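Let me begin by presenting the structure, written as structure tokens, before commenting on it.
The values are calculated or read from the model by the stated rules, or taken from the named source; none is laboratory data. Since we're looking at a predicted model, the values are computed, not measured. For neighbour counting, all protein chains shown are included, and Cβ atoms are generated from backbone atoms with ideal geometry for every residue, glycine included.
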Amino acid sequence: MSLPAGFQHVDHVAFTVPDLGEAVTFFTDAFGAEELYRSTRGPDADFLPAHFEVPADAHLKLAMLRMPPNLNVELFQWWSTDQRSDYPRHSDAGGHHLCFTVADVDTAVEHLRSHGARVLGGTKEVGADSPRVAGNRWTYLRAPWGLLIELVDRSRVHSPPPLVGPDDWTDPSRTGKNL
């Protein structure tokens, strides 16, 4: 499988947060993220509405974080007069979550709880009705400001599907490049 012409890889994911400082602290303390830079923009009644589909009075602060070993996360804090504050539910258009592979779900849950995350419903294990991922242990949490986070432990899955992982970024047989 290859990407369309000109596409190289996913560069980053981005989330809007209610308090940039709180979110940066959570990601750096809970996940060991490295803050790469911060920036501000606006208000700019021409540029921001045209390029971000936001109201003319909107303005923002952002931070770009590096999450070892293979992810960049961009965090935005926006202000505007008609801003909505509720995160979309998983079942809503725009619903989303950030998932981490972990060695042990229970240990990871306790770690994130110590940083203010709230567990949703406890740890689950995929049963035989989904044979490709049977044994997979997972749970969802909410970050202190509402972002959904999933934790996945695939160590008990006998023949997991070939998902992309950190080794894929450096293995020339998978990337076609010597890095």
Run down Pro55, Pro43 and say which single residue is in contact with a His (Cβ under 6 Å, 6 or more places away or on another chain), on the phi < 0 side of the Ramachandran plot and modelled with pLDDT under 95.
Pro43
In region 27-49, anything touching a residue at least 24 places away in the same chain (Cβ under 8 Å) and surrounded by 16 or more Cβ atoms within 10 Å (Cβ to Cβ) is listed as Phe27, Ala30, Phe31, Ala33
Identify, by number, the condition in (1) under 19 Å from Tyr87 (Cβ atoms); (2) in contact with a Pro (Cβ under 7 Å, 6 or more places away or on another chain); (3) not acidic (Asp, Glu) that Val24 doesn't meet.
(2)
Region 1-15, residues that are part of a loop (DSSP other than H, G, I, E, B), closer than 24 Å to His97 by Cα and among the aliphatic types (A, V, I, L, M)
Leu3, Val10
In region 115-139, anything touching a helix residue (DSSP H, G or I) at 6+ places or on another chain (Cβ under 8 Å) and either at pLDDT below 85 or hydroxyl-bearing (Ser, Thr, Tyr) (or both) is listed as Thr123, Thr139
Unique residue being outside any helix (DSSP H, G or I) and touching a residue at least 60 places away in the same chain (Cβ under 8 Å) when the list is Ser85, Ser91
Ser85
Scanning region 79-113 for residues that are of a type in the set (Phe, Trp, Tyr) and closer than 18 Å to Phe27 by Cβ, which turns out surrounded by the most Cβ atoms within 10 Å (Cβ to Cβ)?
Tyr87
Quick check on this structure: which one of Val109, Val119, Val54 is in contact with a Ser or Thr (Cβ under 9 Å, 6 or more places away or on another chain) and part of a loop (DSSP other than H, G, I, E, B)?
Val54
